[in-house]
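Step one of this worksheet: look at the structure below.
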Amino acid sequence: MAKKFLSGNEAFAEGIRLARPQVISAYPITPQTIVVERLSEMVEDGSLQSEFIHVESEHSALSCAMGASAVGARAFTATSSQGLLYMAECLTYASGGRFPIVMMNANRSTALPWNIYGDQRDSLSQLDCGWIQAYAENAQESLDLALMSYFVAEHPEVSTPFMANLDGFVLTHTYEMVDVPTPDQADAFLPAYQTENKLDLEHPRNLAFSAGPDHNTAFKYKEHLGLLNAQKAVAEAEARFVEIFGRQYTGLTENYRTADADYILITLGSIAGLARETVDRLRKQGERVGLLRLRYMRPFPGAEIAEAVKHAKAVAVLEKDISFGNEGTVYTNVNSALLKAGLSMPSSNYIGGLGGKNISQTEIEGIFRDLKQETVRIQFLGIGGEDE
Amino acid sequence: MSVSVKTLQEDEFFYGHKACAGCGGSLAVRIALKVLGERSIAVLPAGCMSAVGFNFPQLCFGNNAIISTFAGTASMLTGIEAGLRAQGITDFHAVGFAGDGGTADIGIQALSGAIDRNDDILYICYDNEAYMNTGIQKSSLTPFGAKTTTTPAGSNIRGNLRPKKNMFEIVAAHGIPYAATASIGYLNDFMGKVEKASTIKGTKYIHILAPCPTGWGIATDETVEIAKEVVDCGLWYLAEFENGEFTLNHKPKEFTDIRTYLKKQGRFKHLTEGDIETITRSRDQKWDALSKNFKIR
Amino acid sequence: MKPYLREHVPTTLSDIPNTTAYEAGYLVTKNAGWRNVRPVIDVEACVGCLQCYLYCPDGVIYKDGGKVAVDYDFCKGCGICKTICKAGAIEMEAET
């Protein structure tokens, strides 16, 4: 292992180099570009043996990756925001076809208004497209996720595409010291991709076919099971990972000081770093607060959430997303989990960070303060332009 | 270049499909696969040929075949070719079969990208001159005057007002290694072009006119005859583009009557004498250009 | 070789594949019922030029001892073979 000073994008690219996809097809979009630039350089200098396809759009990027996956090749692509939406048709195609492609998504606001900065409306709007969705907190986790994503996606009981989300700029462009594993370690961790879900010159198959009303539900049911199975595969990947690399991850969620917490903030992505600091600060002041970070949104960690917050007096969900006309999508999902577990503490929703708006420590402290009042709020942070 | 009906392999790769009786598109797919053989990987976008050939558990391709997104024929071909090459496999043909809408409208961007990269794929457009699978709507390859369900022929507007997009020359303008036009009325010519394309490295494009009895308003046994006639009356032509040069493969000594060709078809029944004159003038202009810019074999 | 009719029709959950991938050329239904007329080949008149075999959209005409024969399981009765036959060796007869 070597220490390197890397941005989130660069760390992810290092992870992809170690995972050695055979085909990379990508189209540039801010703030994802650094990933594909680094991968191009790796292909150029020979440190990554991969076919790099310069596609003319995101739709083609994922379509090309599906073609590669459909002949049993390991495929990678990366996108963001408008690009993710432009390839939306291919998202459900890849999951329905059970092609275990890995895609990095640099979370970015979606137009209109135009905005290149980070929020999670792009990926959360595609939550139902049948992909595994993970959200990294920092550069190290980004690299590790790149490696683990293939293990999970290609797991024979999963066979489902994997979207690894990195907050635009805040994570994609921020530099940290990162442990970069050796290729030998990576090879020991990640087996070669093997599948029968492919076009095979020795055993010809017909793929990606139609299925009418009589059979359609069966295929969709199996797709659903595949995504659910990802939870087990994540556990398997992490157990293997800690053995080889010595870093321990905690499955679909990460609990921080939740065990005895009265008030718990639930969030996802890079903002968890600031939230953790805030928890420490408030703990020093004697407040019983905790943080629950959602590392995965699909499969959804409903049982883990309920278990983590079952003794809390109130919870809040902080997310960089809004489902217009309703509330934050993460909040809707969390409430469903609480209800199923028979939990009835107040839960509030804070919508912040839209279009890259900074979320301050003061605002997070404010959320914990609000929770003590045990009322339910759905509130935007930092709308700006308030009347005097 | 020796493929003929005598040497064509007897295996059938597209069989038991649910295409309409007398379907020209299915004939193009069938013959191309018989020329290319069992190591073909076929990509078909959403459209007639995928709709009639891939309804689980009735799977009508004997070779490897996959449905792509409507816009994604060329990009999926690219991925297949790259994915196999990355695994050290190179003895196969990645071949796409897309209709006129899938090629000249929604799929043109991905096709242009593939040609630009010179990916080693063969793209065959089976052109039945409208969106037939969805019920005969106009595409950019629908010819002037044709009645479709979105270009109805009434007292104000007589069918489609726009000429057919020239896909062959659009593709050639990319500097593609090989492009050709063909017709299911002249299968020997088509088979030779498929065979030639299969020996060329880089992107190959063949545009084959494939009449649709349902959409054109002809009898099911007239498909092949009408596909001959469209060439004989000069409204379609058999040509190749190779090494930067256009070649005309077949020049009728004398054109057969355009009116006869048009009036056989339900989609042109409404055309006036003036419309037919417009079509004739446009044919003559096209052939003037062809004789200037194309070598004549 | 060509795609052919199978006895087993996958229907149960365990029969149905986990992904949209299945053996190529797997047929479970015929097309014979589409037909109102059927091509009948006059073997005496047939000159073995194979044009009907070449131009059949469904590929149901096959070589048979220097002449041709029809796979009636999949023939749709379009009549292209009769139109293309210069020898006049194919007649379309009504299905009864």
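The values are calculated or read from the model by the stated rules, or taken from the named source; none is laboratory data. Note that the coordinates shown come from a computational prediction; the quantities given were computed from them, not determined experimentally. FYI the Cβ positions are ideal-geometry reconstructions off the backbone, even for glycines, and counts take in every protein chain you see.
Of all the listed residues (C:39, C:17), the sole one being out of contact with any Asp or Glu (no Cβ under 6 Å at 6 or more places or on another chain) and assigned to a strand (DSSP E or B) is C:39.
Selection of region B:1-59 for residues being under 17 Å from the mean Cα position of the chain (by Cα) and of a type in the set (D, E, K, R) yields B:30, B:34.
Can you work out which of the residues in region B:222-280 that are closer than 30 Å to residue C:52 by Cα, of a type in the set (A, V, I, L, M) and part of a helix (DSSP H, G or I) is farthest from the chain's Cα centre (by Cα)?
Top of the filtered list is B:258.
Within region A:237-272, the residues that satisfy the criterion of being surrounded by 15 or more Cβ atoms within 10 Å (Cβ to Cβ) and of a type in the set (Asp, Glu) are A:238, A:254, A:262.
One residue alone among B:83, B:53, B:96 is small (Gly, Ala, Ser), out of contact with any Lys or Arg (no Cβ under 7 Å at 6 or more places or on another chain) and farther than 26 Å from residue C:27 by Cα, and that residue is B:83. If you check B:19, B:71, B:32, B:28 for being among the aliphatic types (A, V, I, L, M), away from chain A (no Cβ under 14 Å) and in a loop (DSSP other than H, G, I, E, B), only one passes: B:19. Among the conditions (1) within 15 Å of the chain's Cα centre (by Cα); (2) touching a residue at least 40 places away in the same chain (Cβ under 8 Å), residue B:62 misses just one, which is (1).
Helices (runs of 4 or more DSSP H) fully within region A:56-103 that include at least 2 residues being surrounded by fewer than 24 Cβ atoms within 10 Å (Cβ to Cβ), at the interface with another protein chain (Cβ under 10 Å from one of its Cβ atoms) and at pLDDT 95 or above: A:88-96. Of the strands (runs of 3 or more DSSP E) entirely within region A:286-342, none holds at least 3 residues that are free of Cβ contacts under 8 Å to residues at least 60 places away in the same chain and surrounded by fewer than 21 Cβ atoms within 10 Å (Cβ to Cβ). Anything in region B:45-64 that is under 23 Å from residue A:202 (Cα atoms) and either at the interface with chain C (Cβ under 7 Å from one of its Cβ atoms) or surrounded by fewer than 24 Cβ atoms within 10 Å (Cβ to Cβ) (or both)? List them, or say none. Correct list: B:55, B:56, B:57, B:58, B:59, B:60, B:61, B:62, B:63, B:64. Quick one: in region B:147-160, of everything that is surrounded by fewer than 16 Cβ atoms within 10 Å (Cβ to Cβ) and modelled with pLDDT of 95 or more, which residue is farthest from residue B:113 (Cα to Cα)? Looking at residues that are surrounded by fewer than 16 Cβ atoms within 10 Å (Cβ to Cβ) and modelled with pLDDT of 95 or more, I get B:152. All of C:53, C:72 fail the test of being of a type in the set (Phe, Trp, Tyr) and within 8 Å of another protein chain (Cβ to nearest Cβ), apart from C:53.
Here residue C:94 meets the list (1) at the interface with another protein chain (Cβ under 8 Å from one of its Cβ atoms); (2) aliphatic (A, V, I, L, M); (3) loosely packed, with under 13 Cβ neighbours inside 10 Å almost entirely, failing just condition (1). Restricting attention to region A:72-83, does a residue exist that is more than 17 Å from the chain's Cα centre (by Cα) and aromatic (Phe, Trp, Tyr)? No, region A:72-83 contains no residue that is more than 17 Å from the chain's Cα centre (by Cα) and aromatic (Phe, Trp, Tyr).
Quick check: anything in region C:10-20 more than 9 Å from every other protein chain (Cβ to nearest Cβ) and under 25 Å from residue B:225 (Cα atoms)? No, region C:10-20 has no match at all. The test for being within 14 Å of chain C (Cβ to nearest Cβ), closer than 30 Å to residue A:68 by Cβ, of a type in the set (Gly, Ala, Ser) and crowded, with 18+ Cβ neighbours inside 10 Å holds for residue A:218. Among the residues examined, residue A:195 does not qualify as more than 10 Å from chain C (Cβ to nearest Cβ) and either touching a helix residue (DSSP H, G or I) at 6+ places or on another chain (Cβ under 6 Å) or of a type in the set (S, T, N, Q) (or both). Residues being surrounded by fewer than 17 Cβ atoms within 10 Å (Cβ to Cβ), touching a residue at least 60 places away in the same chain (Cβ under 8 Å) and over 30 Å from residue B:92 (Cβ atoms) are represented in region B:277-286 by at least one member. Listed by first and then second residue, the pairs with beta-carbon distance under 9 Å, at least 6 apart or on different chains, first residue in region B:215-230 and more than 12 Å from every other protein chain (Cβ to nearest Cβ), second assigned to a helix (DSSP H, G or I) and basic (Lys, Arg), are B:215/B:267; B:216/B:267; B:217/B:267. The residues of region B:100-126 that are part of a helix (DSSP H, G or I), β-branched (Val, Ile, Thr) and over 21 Å from residue B:195 (Cβ atoms), listed by number, are B:103, B:108.
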